[in-house]
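The values are calculated or read from the model by the stated rules, or taken from the named source; none is laboratory data. Fair warning: this is a prediction, and the values are worked out from it, not measured in the lab. As a convention, Cβ positions derive from the backbone with ideal geometry for all residues, glycine included, and neighbour counts pool all protein chains shown. SASA here: full protein model, heavy atoms, side chains in, ligands and nucleic acids out. Shrake-Rupley method; radii C 1.70, N 1.55, O 1.52, S 1.80 Å.
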Amino acid sequence: MPAREREIILAPSMIAADWSRALDVVRELEAAGCQWLHFDAMDGHFVPNLTLGPMFLQALRPHTALHFDAHLMISDPGAYLDEFLKAGADSVSVHVECQPHLHRLIGRIKDGGALAGAVLNPATPVAALETILPELDFVLVMSVNPGFSGQKFLPLALPKLRELSRLRSELGLDFSIQIDGGMSVESAPLAVAAGAEILVSASGLFVPGRELSDSARDLWKAIEGGKR
Ligand code: DX5
Ligand code: ZN
């Protein structure tokens, strides 16, 4: 399917939400037209931060039909994969950099009934994925070094998005292209124009002192501007 016919998906990252009112936040995100919820699982080892585990997904799962997207920034993602699947993840992405047996892990994610994604850190080239591209449901291009929300967008992600988009049509494949890090009204249209279809956003949406509906509206407007 040509990229321009694909639906653009906004995937708020719960890392920057007010967790004391998580369910209200989910309702607001639903009302704002967001389709995926992105859960950043960090182990304090692969990345220098500790965040959400499968129990957080499990707690929210009965309360929304939104797609749950688990981004595992864990040195040994295979050890926790089953728990994330059991908790209700609809998609799971794992980093190429921490996984010597990526092919096996991607197979396990799909066997568990979820969409499987592979993630590229800013310094990892698209070429690292070439062999496994036909097996993937999506590729996540990091546009910050993973670990924290609120970092500046790295434009080096843009040529990688274009390369993935080109490879997808050349090879006749069907994976989606996701981007994560520093998405704002300035960077989001650039990412969409370069081929991204699933946009993760934390600090671009959860702005202290600002209504979620207002920041979501602005981001959607900017995304529309980037569509080819
Ligand atoms: C980065 C995480 C992202 C991050 C996005 O390690 O994977 O999902 O929370 O945050 P923003 O949108 O603020 O860059
Ligand atoms: Zn993420």
Here are the criteria: (1) more than 16 Å from ligand 2 (Cβ to nearest atom); (2) under 14 Å from residue 69 (Cα atoms); (3) touching a helix residue (DSSP H, G or I) at 6+ places or on another chain (Cβ under 7 Å). Tell me which single one residue 177 does not satisfy. (1)
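In the list 83, 135, 130, which residue meets the criterion of being more than 25 Å from residue 64 (Cα to Cα), modelled with pLDDT of 95 or more and charged (D, E, K, R)?
135
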Does residue 69 satisfy being among the acidic types (Asp, Glu), out of contact with any helix residue (DSSP H, G or I) (no Cβ under 6 Å at 6 or more places or on another chain) and over 18 Å from residue 202 (Cα atoms)? no
Could you list all residues from the range 71-86 that are in contact with a Gly (Cβ under 8 Å, 6 or more places away or on another chain), hydrophobic (A, V, I, L, M, F, W, C) and more than 16 Å from ligand 2 (Cβ to nearest atom)? 81, 85
Give the residue that is least open to solvent (accessible area, probe 1.4 Å), with candidates limited to residues of the range 122-134 that are in a loop (DSSP other than H, G, I, E, B) and of a type in the set (A, V, I, L, M). 132
Across the range 95-119, which residue is most open to solvent (accessible area, probe 1.4 Å) among those that are among the charged types (D, E, K, R) and farther than 10 Å from residue 78 by Cα? 111
Check whether at least one residue in the range 108-118 is free of Cβ contacts under 8 Å to residues at least 40 places away in the same chain and closer than 20 Å to residue 44 by Cβ, and report yes or no. no
Could you check the range 156-189 and list, in sequence order, the residues that are touching a strand residue (DSSP E or B) at 6+ places or on another chain (Cβ under 7 Å), assigned to a helix (DSSP H, G or I) and not polar (S, T, N, Q)? 157, 160, 161, 164, 188
Scan the range 143-155 and tell me whether some residue there is in contact (Cβ under 8 Å) with a residue 12 or more places away in the chain, not in a loop (DSSP other than H, G, I, E, B) and not aromatic (Phe, Trp, Tyr). no
Determine whether residue 210 is open to solvent by 50 Å² or more (accessible area, probe 1.4 Å), more than 17 Å from residue 93 (Cβ to Cβ) and more than 16 Å from ligand 1 (Cβ to nearest atom). no
Kindly provide the set of residues from the range 135-150 that are open to solvent by 10 Å² or more (accessible area, probe 1.4 Å), within 12 Å of ligand 2 (Cβ to nearest atom) and touching a helix residue (DSSP H, G or I) at 6+ places or on another chain (Cβ under 8 Å), ordered by number. 149
Go through (1) assigned to a loop (DSSP other than H, G, I, E, B); (2) within 16 Å of ligand 2 (Cβ to nearest atom) for residue 200 and report which single condition fails. (1)
Kindly provide the set of residues from the range 24-59 that are away from ligand 2 (no atom under 16 Å from the Cβ), in contact with a strand residue (DSSP E or B) (Cβ under 8 Å, 6 or more places away or on another chain) and among the β-branched types (Val, Ile, Thr), ordered by number. 26
Restricting the first residue to the range 167-182 and requiring it to be on the phi > 0 side of the Ramachandran plot, which pairs with a second residue that is away from ligand 2 (no atom under 15 Å from the Cβ) meet a Cβ separation below 8 Å and a spacing of at least six or different chains? 182/152
Looking for whichever is among the aliphatic types (A, V, I, L, M), at pLDDT 95 or above and not in a helix (DSSP H, G or I) here; the options are 119, 192. Which one fits? 119
